[in-house]
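Quick notes on the structure that follows.
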Amino acid sequence: MSIVRRLVLDVLKPHQPNVLEFARTIASASNKCQVRVTVLEVDENTETIQVVVEGDRIDFEAIQSSISELGGSLHSIDEVEVQGESQDS
């Protein structure tokens, strides 16, 4: 089994919720993770953002679900860091 430690995601989202609320919701979705959101592009109805999630055990499915519930669309996983989990853990 492996543990996800870091994700960099390319996301398209509507203007609302704002990026602060978006980041807070994503951070709540995965236990004890840090979230950084950077706005890359803004058009009339949407924002393209980069979401960086770092933590000890990132729950990708929960984050992906939160993005969808907030009206966002995951375009790509641009970077990932995964660590193998020992059998003793």
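If the segment from LYS32 to PHE60 were pulled out straight at 0.36 nm per residue, it would be longer than the present Cα-Cα gap by 8.8 nm.
How high is the relative contact order of the stretch 2-83, given as a whole-number percent (alpha carbon pairs under 8 Å, six or more residues apart)?
Worked out over the stretch 2-83, it gives 50 percent.
A crude spin-label estimate for the pair GLU85 and SER68, with each label 7 Å from Cα along the Cβ direction, gives 2.2 nm. Computed with the Debye formula from one identical point scatterer per Cα of the chain, without solvent, the log10 of I(q)/I(0) at q = 0.14, 0.21 Å⁻¹ comes to -0.46, -0.93. Computed from backbone phi, the HN-Hα couplings of the stretch 51-59 come to 10, 10, 10, 10, x, 6, 9, 7, 8 Hz, rounded to whole numbers (Karplus: 6.51 cos²θ - 1.76 cosθ + 1.60, θ = phi - 60°; Gly and Pro given as x). Sequence-ordered 3J(HN,Hα) estimates for the stretch 22-27 from the Karplus curve with 6.51, -1.76 and 1.60 and θ = phi - 60° stand at 4, 5, 4, 5, 5, 4 Hz, glycine and proline given as x. Between ARG24 and GLN50, the modelled label-to-label distance comes to 2.5 nm, taking each label 7 Å out from Cα in the direction of the beta carbon. For the Cα atoms of the chain, what angle does the longest principal axis make with the long axis of helix 60-69, in degrees from 0 to 90, nearest 10? Relative to the chain, helix 60-69 is tipped by roughly 20 degrees.
No lab work stands behind these numbers, since they all come straight from the coordinates. Everything quoted here is computed from the prediction, not taken from an experiment. Positions of Cβ are generated from backbone atoms using ideal geometry, with glycine treated the same way; all protein chains shown enter the neighbour counts.
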